Every structure is written in structure tokens, then in C-alpha cells.
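The values are calculated or read from the model by the stated rules, or taken from the named source; none is laboratory data. Keep in mind that this is a model prediction, so the values were computed, not measured. Please note: Cβ atoms are built from the backbone with ideal geometry, for glycine as well, and neighbour counts cover all protein chains shown.
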Amino acid sequence: MLTRVCSRLRIICKLPESQKKHCVYKKGCHRALIYPTMLLDFCSKCAPHCWKCGSEIQNSTLFCSQCTTLQKPNEKNYFDILGIEQSFEVKDKELKTKYHKLQNVLHPDRFNAKNVEERDISERYSALVNKAYSTLLHPLARGLYMLQLHGVNLDEETRQSDPQFLAEIMQANEELAEAQHPEDVKELDNANRSTVEKLIRDAARAFSTGDIDAAKKVLVKMKYYSSIGTRIKDMKQKIGIE
Ligand SMILES: [Zn+2]
């Protein structure tokens, strides 16, 4: 994985000039390079500084090491906010652990004695962590978000024109409308779940190979099947199963 790394680490980048990227913190800084490593640091010129005391913040920690003040959330992507690798194949356990740790650190009780500004930052940070977590936890939301990171907004391109797929969806909806017995609903539920699971595997493959076009197609299908899943869930509640 290529991560942006600053020349402050004194890593000699062998990539051609055209592939070098600017510092993640300040556009126009030419001291940041791309280097195949997971290390992340910032050049001293552009490193973030504590909003309160002005000290340099090392290694994107949440708190200033000098004055212990909570730092403002950086508008980074949700993966960075939670500190996990950007991949569709998120490990639920790791995601939950990181989330609970952050929410513990950002808990309002810890900021009762702090000033209004820091309390306000902790609330904003906490809301951002919640949003990041709920987005990355669910495969459909995670996939749609990853497409957004690639500049694709699926809300604007949900039109499905594949006639075979549309026929499949129509049939699934008809079967659901005609389901009379709890057993029928359960059967449709199982079938829908395994379809969604297969699509999740397809999406993982597409994202891992960087095939955004394929990921887009899979995610459109996932949206349709997820909405059928929601209908099935409502129906199960209505007829009192599970
Ligand atoms: Zn400080």
C-alpha cells in the first residue's frame, strides 16, 4: 500500500517526480513524498500544531503532548479517523475495538471540567467517530462510501439497465408479495441473505483489485437486494417471526 510520507523521515523516494504527491496537510508543500510503507508522518513545515498552545502534534495523536488538549478532528476519511486500513474487507472486531477505545477517550464525562471550546471539539469529534463507525460497519454503506472516495456517487447513478438483473429483482419482489406462510418468508429471507453475501464477496474482490467499475456494478445490485432485505425484515416483524 502506498502511503504519503514526509521527507522529514529522510526516506529517499525513488519514484519519478510525476508520482510524488504533495504533503497531506498543506497543498503546495513539496517535501512530502509517496513511499511504499505504512509509516505516516508530516514534514515540520506543515505538521499540524496544537490549536491551543501551538506545539507540534506528533503522529496524529488526539491530544497535545504539551498541554494535553484534545485536538480538532481532521477532516480525514473515515478509515483514518478510526485508525484502520482502507479496505472493503474490514475486520469487525478491529473496527469495534478501535471505535470503543475512541468513544471512551472522547466520552463527555472526561470533558466536564474543560473549557467550552474543548468540550465542543470533543462533541464534534465523537459525532464524527459515530458516523465513521456506522458507515464502515455495514457493507453496503462502506462500499458506497469507498466509491465516494473514488469520486463516484452512486445515488446519482442507480439506474439499472441490465434487463436480466431487472427481471431477477422483479421476480424477487413478486415472490415476496405472494408469500403466504412464515415458511415462505423465511425461505426468501435465506435466499436474499446468501445473494447479499455473494455480492459482499464480489465487492471485496473488486475493491481489492482496484476495479472501481466492477465495484460500482456490484454496489448497485447490493442496493436493490438490501432494499428487498428491508422489506423482508418488515414482513417478518408484521407476521411475528424472529
Ligand atoms: Zn497544546
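Below is a table of values for the structure above.
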{"quantity": "Near pairs, Cβ below 7 angstrom, 6+ apart or cross-chain, from the range 47-58 (among the basic types (Lys, Arg)) to any residue that is near the ligand (Cβ under 8 Å from one of its atoms)", "calculated": "Lys52/Cys64; Lys52/Cys67; Lys52/Thr69"}
{"quantity": "Matching option when the condition is at pLDDT below 95, on the phi < 0 side of the Ramachandran plot and in contact with a helix residue (DSSP H, G or I) (Cβ under 7 Å, 6 or more places away or on another chain), among Asn77, Asn115", "calculated": "Asn77"}
{"quantity": "Some residue of the range 155-167 being acidic (Asp, Glu), within 27 Å of Ile212 (Cα to Cα), under 13 Å from the mean Cα position of the chain (by Cα) and assigned to a loop (DSSP other than H, G, I, E, B)", "calculated": "no"}
{"quantity": "Residue within the range 75-85 that is without any contact (Cβ under 8 Å) to a residue 12 or more places away in the chain, aliphatic (A, V, I, L, M) and outside any helix (DSSP H, G or I) present", "calculated": "no"}
{"quantity": "Criterion (on the phi < 0 side of the Ramachandran plot and part of a loop (DSSP other than H, G, I, E, B)) met by exactly one of Lys98, Lys93, Lys131, Lys72", "calculated": "Lys72"}
{"quantity": "Flag if Asp202 is modelled with pLDDT of 95 or more, of a type in the set (D, E, K, R) and either assigned to a helix (DSSP H, G or I) or surrounded by 13 or more Cβ atoms within 10 Å (Cβ to Cβ) (or both)", "calculated": "yes"}
{"quantity": "Only listed residue being under 20 Å from Cys64 (Cβ atoms) and among the aromatic types (Phe, Trp, Tyr), chosen from Tyr133, Tyr145, Tyr125, Tyr99", "calculated": "Tyr125"}
{"quantity": "Number of the exception - Ala113 against (1) in a helix (DSSP H, G or I); (2) loosely packed, with under 12 Cβ neighbours inside 10 Å", "calculated": "(1)"}
{"quantity": "Subset of the range 69-121 [out of contact with any Lys or Arg (no Cβ under 7 Å at 6 or more places or on another chain) and aromatic (Phe, Trp, Tyr)]", "calculated": "Tyr78, Phe79, Tyr99"}
